[in-house]
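The values are calculated or read from the model by the stated rules, or taken from the named source; none is laboratory data. If you're wondering where the values come from, they're calculated on a predicted model, not measured in any experiment. Note: ideal-geometry Cβ built from the backbone for every residue, glycine included; neighbour counts use all protein chains shown.
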Amino acid sequence: MRSVSDKFYVATDDGSKGRKGLVTDVLKEILDKMSEKINIVFAIGPVLMMRAVAELTRQHEIKTVVSLNPIMVDGTGMCGACRVEVGGTTKFACVDGPDFDAHQVDFDLLMKRQKMFLQEEERARECWHKCRGECK
Ligand code: FES
C-alpha cells in the first residue's frame, strides 16, 4: 500500500504499528484538516470499521469503496451468507462484489444479519471449549 500511495497512515488498536487508535480517528483528523482534495477512500476490514468510515466520508461527500470480503463464507454464491442490500437492491458480495459504494450499503441491515446466529455461535463456542468437539 505504501508503494502505491501518496500518503500512507497506519493505525492499530494496540499501537504496535503506526498510531494507536482507530482508523476513523486518523481519517477524521485528515478530513478535518483536508488541505487537499481527497478523491476516494477505500475501507477494507471489519464491518463495524467500514460502516464508521462510510459514515465519516459521507459527511465530507467523498466517494468511498468498501470491500465486503469479511462477510463471505463459501464465496460461490451458494450459501447466501454474504447477502447485502446495496442501493436498495439485494447483492451477494462474492458474486456481485466484493467492492461496493460504501454510501449505498445498508450497514444497519448487514450488521443485523451478522447477529442472526449469535446464540448458535455462542453455544457452539461454549461446546467447543467444554467438550473439545465431543458435544452433540
Ligand atoms: S459467500 Fe456464500 S453466497 Fe456469497
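Test residue 88 against the criterion of being farther than 19 Å from residue 116 by Cα and within 16 Å of the ligand (Cβ to nearest atom), and give yes or no.
Values: farther than 19 Å from residue 116 by Cα: yes; within 16 Å of the ligand (Cβ to nearest atom): no.
No: the conditions fail for residue 88.
Taking the conditions exactly as written (touching a residue at least 60 places away in the same chain (Cβ under 8 Å) and over 19 Å from residue 1 (Cβ atoms)), does residue 86 satisfy them or not?
Values: touching a residue at least 60 places away in the same chain (Cβ under 8 Å): no; over 19 Å from residue 1 (Cβ atoms): yes.
Spelling it out, it is not the case that residue 86 is touching a residue at least 60 places away in the same chain (Cβ under 8 Å) and over 19 Å from residue 1 (Cβ atoms).
If the requirement is being at pLDDT below 90, within 17 Å of residue 61 (Cβ to Cβ) and out of contact with any Cys (no Cβ under 9 Å at 6 or more places or on another chain), which of these qualifies: 7, 37, 28? Explain how you work it out, then say what you get.
Values: 7 fails: within 17 Å of residue 61 (Cβ to Cβ); 28 fails: at pLDDT below 90.
Just one listed residue meets the conditions, 37.
Of all residues in region 42-74, which are in contact (Cβ under 8 Å) with a residue 60 or more places away in the chain and β-branched (Val, Ile, Thr)? So that I can check it myself, show each step before the final result.
Applying the first criterion (in contact (Cβ under 8 Å) with a residue 60 or more places away in the chain) to region 42-74 yields 47-48, 51.
Within region 42-74, 47 is the sole residue that qualifies.
Could you list, in sequence order, all residues of region 42-73 that are buried (at least 18 other Cβ atoms within 10 Å of the Cβ) and over 20 Å from residue 108 (Cβ atoms)?
The one that is buried (at least 18 other Cβ atoms within 10 Å of the Cβ) and over 20 Å from residue 108 (Cβ atoms): 62.
Looking at region 92-136 only, could you name the residues that are part of a helix (DSSP H, G or I), of a type in the set (A, V, I, L, M, F, W, C) and at pLDDT 90 or above? Quick ask: steps written out before the conclusion?
Just the residues of region 92-136 that are part of a helix (DSSP H, G or I), to begin with: 93-96, 102-104, 107-114, 118-131.
When the remaining residues are screened for being of a type in the set (A, V, I, L, M, F, W, C), the result is 93-95, 102, 107, 109-111, 118, 124, 127-128, 131.
Passing the criteria: 93, 94, 95, 102, 107, 109, 110, 111.
As an exercise: evaluate residue 52 against (1) touching a helix residue (DSSP H, G or I) at 6+ places or on another chain (Cβ under 6 Å); (2) within 16 Å of the ligand (Cβ to nearest atom); (3) under 26 Å from residue 39 (Cα atoms) and give the number of the one condition it does not meet.
(2)
Among the residues of region 89-102, how many are surrounded by fewer than 17 Cβ atoms within 10 Å (Cβ to Cβ) and in contact (Cβ under 8 Å) with a residue 12 or more places away in the chain?
Total satisfying the criteria: 3.
Confirm whether residue 76 is within 16 Å of the ligand (Cβ to nearest atom), of a type in the set (S, T, N, Q) and over 17 Å from residue 110 (Cα atoms). Talk me through it step by step, then tell me what you get.
Details: within 16 Å of the ligand (Cβ to nearest atom): yes; of a type in the set (S, T, N, Q): yes; over 17 Å from residue 110 (Cα atoms): yes.
Yes.
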